[in-house]
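I have placed the structure first, in the form of structure tokens, so that the comments after it can refer back to it.
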Amino acid sequence: MSTLGGNKAIVAALGANLGIAITKFVAWGFSGSSSMLAEGVHSLADSGNQVLLLVGGRKSRQKADTEHPFGYGRERFVYAFVVSIILFSVGGVFSLYEGVSKLQNPHPLDVPWLPILVLLVAMGLESFSLRTAIRESNLVRGTQGWVQFVRHSKAPELPVVLLEDVAALTGLVFAFLGVGLTIITGDPIWDAIGTLFIGVLLVLVAVVLGIETKSLLVGEGADTADAVSIQRAILSGPETQKIIHLKTLYLGPDELLVAAKIAFDADNRFADVAAGIDSVEARIREAVPAARVIYLEPDLYVDPNRRQPPTDAIVIKGSE
């Protein structure tokens with residue numbers, strides 16, 4: 001996936017969150033609403049997250065060097081994982097702390113209409129950000145459902161922004177209900193409950209983000225469809241007899257490593273094997289364009305079910 005669509009969604013989210021954070025803090029300063037404070041910290045944390053995603057995308061484009069011979073593509077995974085930690089520690093934990101504090105020391109809202117106005121404006125801005133993220137995601141998610149897209153996307157930026165925007169809109173609804181019920185009933189405990197709901201929501205989103213980005217950091221291979229395409233590309237020509245083993249690994253969201261040991265006819269000349277490997281590589285790249293790093297090892301396949309010669313006549317051959 002190109003990073004262009006992801007960057008558009010990130011920039012849209014960053015602009016929205018910076019504006020929202022400022023207005024929320026102003027509303028908290030005048031009203032004293034803990035929900036507004038929690039939402040202000042949430043938007044500020046989201047803004048920092050988007051900056052980190054942009055930095056990760058820039059760093060991932062560094063050229064490979066002797067220290068990192070496969071390049072820096074995984075920088076995008078690292079920064080997405082850091083985003084999940086920040087969302088948990090700054091947004092979620094702080095909101096839970098503020099909610100508990102407000103439960104213990106409740107106080108009425110001052111200027112109660114201001115938080116409502118700010119929340120309505122924030123919902124409009126967050127909806128714009130979410131619409132941008134959905135539009136850019138639709139360009140790359142194909143026939144996948146939204147859950148599958150978030151779980152299986154190798155480019156972390158769009159899923160991260162999608163989850164952040166959904167969490168932000170849901171958090172705004174919690175804050176709106178908390179402030180609204182506080183105004184209607186005159187009981188500030190509803191404001192505290194809304195803050196606690198925001199904290200729980202952010203922690204849950206952070207856990208989901210952490211789990212998904214951890215999987216990318218550990219190392220994911222090609223999905224089933226791409227793996228099948230690679231196998232077909234290897235075996236579709238006359239050069240190869242069998243795939244002895246095949247392994248794949250994403251070096252970055254847009255770069256797939258393919259390593260395979262493939263069986264060639266024992267009567268082939270070295271020049272024929274070399275030409276055959278070139279042909280196989282070309283077919284793999286055509287079938288799966290993300291397969292940019294390919295290592296193919298030619299070998300002779302020995303059927304394990306074939307009747308073996310006497311033990312003293314066996315020639316031991318190293319594998320892998």
Legend entry - Complete set of residues in the range 205-226 that are in a helix (DSSP H, G or I), of a type outside the set (S, T, N, Q) and in contact (Cβ under 8 Å) with a residue 24 or more places away in the chain: VAL205, ALA206, VAL207, VAL208, LEU209, GLY210, GLU212, LYS214, LEU216, LEU217, ASP226
Legend entry - Among the candidates TYR72, TYR79, residue that is outside any helix (DSSP H, G or I) and surrounded by 14 or more Cβ atoms within 10 Å (Cβ to Cβ): TYR72
Inset, instruction - Would you be able to say whether some residue in the range 76-90 is out of contact with any Gly (no Cβ under 8 Å at 6 or more places or on another chain), assigned by TED's automatic domain parsing to the domain that holds PHE128 and within 30 Å of PRO108 (Cα to Cα)? - result: yes
Legend entry - Residue check for LEU181: modelled with pLDDT under 85, in contact with a helix residue (DSSP H, G or I) (Cβ under 8 Å, 6 or more places away or on another chain) and part of a helix (DSSP H, G or I): no
Inset, instruction - Would you point out which residue out of ASP110, ASP46 is touching a Phe, Trp or Tyr at 6+ places or on another chain (Cβ under 7 Å) and either under 30 Å from THR185 (Cα atoms) or assigned to a helix (DSSP H, G or I) (or both)? - result: ASP110
Inset, instruction - Would you point out which residue out of GLU136, GLU98, GLU126, GLU164 is touching a Lys or Arg at 6+ places or on another chain (Cβ under 9 Å), in contact (Cβ under 8 Å) with a residue 12 or more places away in the chain and either among the charged types (D, E, K, R) or assigned to a loop (DSSP other than H, G, I, E, B) (or both)? - result: GLU136
Inset, instruction - Go through (1) modelled with pLDDT of 80 or more; (2) surrounded by 20 or more Cβ atoms within 10 Å (Cβ to Cβ); (3) part of a helix (DSSP H, G or I) and name the single condition GLY91 misses. - result: (1)
Inset, instruction - Looking only at the range 227-253, count how many residues are out of contact with any helix residue (DSSP H, G or I) (no Cβ under 6 Å at 6 or more places or on another chain), assigned to a helix (DSSP H, G or I) and surrounded by 19 or more Cβ atoms within 10 Å (Cβ to Cβ). - result: 0
Legend entry - Matching residues in the range 16-39 - criterion: being of a type outside the set (A, V, I, L, M, F, W, C), touching a residue at least 12 places away in the same chain (Cβ under 8 Å) and surrounded by fewer than 23 Cβ atoms within 10 Å (Cβ to Cβ): GLY19, THR23, GLY32
Inset, instruction - Return yes or no: is ALA167 among the small types (Gly, Ala, Ser), touching a helix residue (DSSP H, G or I) at 6+ places or on another chain (Cβ under 6 Å), assigned by TED's automatic domain parsing to the domain that holds MET123 and farther than 29 Å from ARG58 by Cβ? - result: no
Legend entry - Condition broken by VAL208, with the remaining ones in (1) surrounded by fewer than 21 Cβ atoms within 10 Å (Cβ to Cβ); (2) farther than 30 Å from TRP28 by Cα satisfied: (2)
Legend entry - In the range 256-287, the residues that are within 27 Å of the chain's Cα centre (by Cα), outside any strand (DSSP E or B) and surrounded by 13 or more Cβ atoms within 10 Å (Cβ to Cβ): ILE284, ARG285, ALA287
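The values are calculated or read from the model by the stated rules, or taken from the named source; none is laboratory data. As the structure is a computational prediction, the values presented were derived from the model and not from experiment. So basically every Cβ, Gly included, is an ideal-geometry build from the backbone, and we count neighbours across all protein chains shown.
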